[in-house]
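Here the structure comes first, spelled out in structure tokens, and everything after it is commentary.
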Amino acid sequence: MPKFDGDDVRKFRNWVTSNPRYPEEAAEKNIQGRVIVSFIVEKDGSVSNVKTEKSVDPLLDNGVMRVVAMSPEWTPGTQRGQPVCVRFSLPLYFALSKQ
């Protein structure tokens, strides 16, 4: 399996959730929910083919896809000693905090 910053996909999830800002318009409209995004870690460690698999609203979906697409390079996965492409699906939860 590919490694993100020397660790597994959990570290990547933490990186993704620390980067997006809740879109102001989505907050005003009280849009919340789970976005599932998929992507491929390529043989060179880059991220490609970022897609929304489960949408909540385009305001949230686009923010998540933007952050995933700007991911730093990964250490690619290998099979029999050769780098391979690996597809991931990542669920991310968006909830407004009560103030």
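The values are calculated or read from the model by the stated rules, or taken from the named source; none is laboratory data. Note that the structure is a prediction, hence the values are computed from the model and not measured. FYI the Cβ positions are ideal-geometry reconstructions off the backbone, even for glycines, and counts take in every protein chain you see.
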> Would it be correct to say that G63 is of a type outside the set (S, T, Y), in contact with a Ser or Thr (Cβ under 8 Å, 6 or more places away or on another chain) and buried (at least 16 other Cβ atoms within 10 Å of the Cβ)?
Replying inline: no
> Looking only at segment 17-33, which residues are within 11 Å of G63 (Cβ to Cβ), surrounded by fewer than 15 Cβ atoms within 10 Å (Cβ to Cβ) and touching a residue at least 40 places away in the same chain (Cβ under 8 Å)?
Replying inline: N19, R21
> Quick one: V64 ticks every box in (1) modelled with pLDDT under 95; (2) touching a Cys at 6+ places or on another chain (Cβ under 8 Å) bar one, so which box is it?
Replying inline: (2)
> Which number in (1) under 17 Å from F4 (Cα atoms); (2) assigned to a strand (DSSP E or B) marks the one condition that R34 misses?
Replying inline: (1)
> Which condition number does S48 fail, the rest of (1) within 28 Å of T75 (Cβ to Cβ); (2) touching a residue at least 12 places away in the same chain (Cβ under 8 Å); (3) not charged (D, E, K, R) being met?
Replying inline: (2)
> Among all residue pairs at least 6 apart or on different chains, which show Cβ distances below 9 Å where the first residue, located in segment 85-99, is farther than 12 Å from V50 by Cα and among the aliphatic types (A, V, I, L, M) and the second is in a strand (DSSP E or B) and at pLDDT 80 or above?
Replying inline: V86/I40; V86/V41; V86/G77; L92/R34; L92/V35; L92/I36; L92/V37; A95/G33
>> Can you list residue pairs whose Cβ atoms sit under 6 Å apart, with the first residue in segment 63-77 being of a type in the set (V, I, T) and the second being part of a strand (DSSP E or B)? Count only pairs 6 or more apart in sequence or on different chains.
In response: V64/V35; V64/V37; V64/L92; V68/V37; V68/F39; V68/V50; T75/K3
> Where residues in segment 66-99 are in a loop (DSSP other than H, G, I, E, B) and among the small types (G, A, S), which of them is surrounded by the most Cβ atoms within 10 Å (Cβ to Cβ)?
Replying inline: S71
